[in-house]
1. Label segment 334-430 by shape, choosing from rounded, prolate and oblate, from the square roots a ≥ b ≥ c of the eigenvalues of the Cα gyration tensor; if a/c is under 1.5 it is rounded, and otherwise prolate applies when a/b is larger than b/c, oblate when it is not.
2. Could you order peptides 174-181, 306-313, 320-327 by the average number of other Cβ atoms within 10 Å of their residues, highest first?
3. For the chain, what does the helix formula give at 222 nm: sum of -39500 (n - 2.57) over DSSP H segments with n ≥ 4, over the residue count, nearest 500 deg cm²/dmol?
4. Relative to the first principal axis of the alpha-carbon coordinates of the chain, what is the inclination of helix 399-409, with its axis defined by its Cα atoms, in degrees from 0 to 90 and to the nearest 10?
5. Across segment 234-239, in residue order, what do the Karplus-derived ³J(HN,Hα) couplings come to in whole Hz, using 6.51 cos²θ - 1.76 cosθ + 1.60 with θ = phi - 60° and x for Gly and Pro?
6. For segment 160-179 and segment 207-236, what is the separation of their Cα centres, given in Å?
7. Can you give me the long-range amide H partners of Val71? Hydrogens built in the peptide plane at 1.01 Å from N, cutoff under 5 Å, separation of 5 or more residues or another chain.
8. Which pairs, out of Lys100/Lys304; Lys100/Lys426; Lys215/Lys325; Lys100/Lys374; Lys100/Lys325, put more than 31 Å between their alpha-carbon atoms?
Amino acid sequence: MTIYRATVLDTPLDPFTGGVLRAESDIALAVSDGTITARGPFATVRAEAPDDDVIDLRDGILLPGFVDTHVHYPQIRAIGGLGKPLLDWLEHSALPEEAKLHDETYAAQVADEFVHGMTQAGTTSALVFGSHFATAVDALFRSAERSGMRVTSGLVVSDRLLRADLLTTPERAYDESVSLAARWQGHERLRYAVTPRFSYSCSADLLEACGAAYKDIDNAWCTSHVNENVTEVAEVARLFDGSSYVGTYQDHGLLDAHTVLAHNVHPTDAELDILSASRAAVAHCPTSNASLGSGMFPLAGHLKHGVRVAMGTDVGGGTGFSLLKEGLQAYFIQSLLRAQGVSLTPAHLLHLITAAGADALGLRDQAGDLSVGKQFDAVFVAPERNSPLGVGIRHAADPEDALAKIFAMGTPADLARVWINGDLVKQDVV
Ligand code: GUN
Ligand code: ZN
């Protein structure tokens, strides 16, 4: 057993429904085989376990591991393609890079870079958009397995309107998805997600094949994009004879509590009702929405309709792996929306990048906060003492103020250590 002595901030109770930030100083978390077995005042926990190792983390702040509910593995080398709206960006920035993953050696390198990028940014669980190539999806699962991360991913499928080397057929999409799932679903901390890229690039027959795979793979997840860009939304309505965008997924059995749809910047009220009733979750990806000029996320509407919302970095439409940056950008967008926006506190932001993500991915029994019974997935924020963030935390008025400074100024470089299931996956060289 190991005892971690720290100031711990987390949000076991949802601040969107009355919960508040839980902030406890100089407490101890006892961790055994990756699970938190005790939590309380240091002296009390220590008295129960006088001979166990103590890791002293009092010179920083301990947070739950971050959860990225939407991030593209083949796009790490495409981050930074600014200045184009979605469909142009896909054609000229993202998809030429994605096509390179046809090469298995290339894909294996990208997979390692990608998993490393996530863990170094404090992400301990993720729903990952895979590749159009089954061999590259295997490469991702292999890298994820080595890292210990909780990764849910799958084969991305499309059968129209993208470059030809990324297209498949409904039959092949079904067969390859089912055989990848047979290899990876439920293996260690890995799970399979049926992944139609977006209804724009998927015929009704392909969505039907995805629906069949989703039904046939035990306990599968489903992820895609929805209502991201106004041109894309209009094209989907045309391609599906006026159907709503959310309706294209619902009509093929792809919408339930295991579904996570990215963006949803331009939903109708009727679509928000369907999402709410189905218990599907939405991955809000604010740096991507700003980079691609997609629009400002209507968080108030999602909350009003009871739609579950979590956060994604959407690398490479998004600008990097930092969920702290996504939290700050979410705050900026809601602030710019003024009366139409939601006033987000640091507790809301922390909840969105931890517990809400774990909830969207069905991991709330294991992750999302640092309560007894949860896995020790944690991030230790310990900036250089005299950096603006180091100074800010030292002089913070209270823990909520310290958390605000972490969101305002924190970067992956300020995360001195990261653990998954009690195993260190990042440690600063001292
Ligand atoms: N819609 C379909 N594919 C993509 C993608 O790769 N990134 C984003 N942001 N939206 C998409
Ligand atoms: Zn995306």
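1. oblate
2. Details: 174-181: 19.9, 306-313: 24.1, 320-327: 25.6.
Output ranking for 174-181, 306-313, 320-327: 320-327, 306-313, 174-181.
3. So the helix-based figure for the chain works out to -10500 deg cm²/dmol.
4. Approximately 50 degrees, to the nearest ten.
5. For segment 234-239, the Karplus-derived couplings read 5, 5, 5, 4, 5, 5 Hz, x marking Gly and Pro.
6. Distance between centres, Cα-based: 13 Å.
7. The answer is Phe129, Asp314.
8. Values: Lys100/Lys304 42 Å; Lys100/Lys426 29 Å; Lys215/Lys325 36 Å; Lys100/Lys374 39 Å; Lys100/Lys325 28 Å.
Going by Cα-Cα distance, Lys100/Lys304; Lys215/Lys325; Lys100/Lys374 fall outside the 31 Å limit.
Throughout, read-outs are computed from the coordinates displayed, never taken from laboratory work. Computed from a predicted model, the values in this text were never measured in an experiment. Every residue, glycine as well, gets a Cβ built from its backbone with ideal geometry; the counts of neighbours run over all protein chains shown.
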